[in-house]
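In what follows, a structure is listed as C-alpha cells, so that the remarks can point back to it.
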Amino acid sequence: MIYKIEISHKQHIKDITAEDTEKDILDLGLKGIKEVKSILLYEIDGDFTTKEITGICKNLLTDGITQDFKVFSFEKVTHQKNIFPASKKKNKQWLVEVWFKKGVTDTVGETVKKGIRDLGLKNEINRVKTGCKYILKGNVTKAGIEKITTSLLANKVVQEYEIAKNSP
C-alpha cells in the first residue's frame with residue numbers, strides 16, 4: 001500500500017517557508033500572488049495498517065502542537081498530465097508538488113525509514129519519498145507559475161514537479 005502524507009502548520013502557527021516564498025516571488029517581479037502555503041509531503045510504500053501509519057505520523061513525522069497531518073492511501077501511484085483550462089476568475093489557486101527524481105538520494109526519506117524501524121515496526125518498507133506541496137493563490141498565469149516553480153520551488157537537476165490549477 002502507498003500512503004501519501006501531507007503535513008501542514010496549524011492555523012495559528014506561522015508558515016515561515018510560505019512567508020519567505022512570498023517575498024522571493026515579489027523579488028522575481030511577480031505581483032499577482034496573494035497567499036502561499038507550504039505542506040510537507042511523505043510517500044511511504046510499505047505493508048502498514050492505517051493505525052500504524054497514523055502512529056508514524058503522530059510519533060515521528062509531526063509536532064502535534066504546531067502541525068496537522070492528512071493521510072491518503074493508494075494501491076499504486078499514478079501520474080496524470082494536468083489540463084489548464086482558460087479561466088476568467090480573478091483569484092486562481094495553483095498547486096505545485098515537488099519531489100526528488102527517481103535515482104536521487106532522498107536523505108530525509110532514508111532517515112524516516114530508520115525512524116520507522118526505531119519505532120519498533122518490522123513491516124516491509126519498499127520506499128519513503130519526501131517532497132513539498134505549495135498552494136499559491138492569486139492572479140498569475142501558468143507561465144508565471146512555471147517561472148516561480150523553476151526559479152524558486154524546484155531544482156530541475158534533482159527534482160521533478162507537477163503543477164495543477166483549481167478553483168479555491
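The values are calculated or read from the model by the stated rules, or taken from the named source; none is laboratory data. Only a predicted model underlies this, so the values are computations on that prediction, with no experimental measurement involved. Note that we place each Cβ from the backbone using ideal geometry, even for glycine, and neighbour counts take in every protein chain shown.
Filter the stretch 2-23 down to residues that are over 11 Å from L136 (Cα atoms) and assigned to a helix (DSSP H, G or I) and give me whichever is farthest from the chain's Cα centre (by Cα).
Looking at residues that are over 11 Å from L136 (Cα atoms) and assigned to a helix (DSSP H, G or I), I get K23.
Just one of the numbered conditions (1) touching a residue at least 24 places away in the same chain (Cβ under 8 Å); (2) over 16 Å from the mean Cα position of the chain (by Cα) is not true of L26; which one?
(1)
Which is modelled with pLDDT of 95 or more and more than 22 Å from D106 (Cβ to Cβ), of T50, T66?
Sole residue among the options that is modelled with pLDDT of 95 or more and more than 22 Å from D106 (Cβ to Cβ): T66.
Would you check which residues across the stretch 29-72 are closer than 24 Å to V96 by Cα, charged (D, E, K, R) and in contact (Cβ under 8 Å) with a residue 60 or more places away in the chain and list them?
Once the filter is applied, which keeps residues that are closer than 24 Å to V96 by Cα, charged (D, E, K, R) and in contact (Cβ under 8 Å) with a residue 60 or more places away in the chain, the stretch 29-72 yields K34, E35, K37, E43, D45, D68, K70.
State whether one or more residues within the stretch 146-162 are assigned to a strand (DSSP E or B) and among the charged types (D, E, K, R).
yes
Pick from the stretch 89-99 the residues that are touching a Gly at 6+ places or on another chain (Cβ under 8 Å) and charged (D, E, K, R): which of them is surrounded by the most Cβ atoms within 10 Å (Cβ to Cβ)? Reasoning before the result, please.
Initially, the stretch 89-99 is screened for residues touching a Gly at 6+ places or on another chain (Cβ under 8 Å), giving 91-92, 97-99.
Subsequent filtering for residues that are charged (D, E, K, R) retains 92, 97.
Working: K92: 21, E97: 19.
Among those that are touching a Gly at 6+ places or on another chain (Cβ under 8 Å) and charged (D, E, K, R), it is K92.
Can you tell me which residue within the stretch 1-44, out of those that are out of contact with any strand residue (DSSP E or B) (no Cβ under 7 Å at 6 or more places or on another chain) and of a type in the set (A, V, I, L, M, F, W, C), is surrounded by the most Cβ atoms within 10 Å (Cβ to Cβ)?
Restricting to residues being out of contact with any strand residue (DSSP E or B) (no Cβ under 7 Å at 6 or more places or on another chain) and of a type in the set (A, V, I, L, M, F, W, C), the top hit is L30.
Considering only residues that are outside any loop (DSSP other than H, G, I, E, B) and among the hydroxyl-bearing types (S, T, Y), look in the stretch 100-145 and name the one that is surrounded by the fewest Cβ atoms within 10 Å (Cβ to Cβ).
T107
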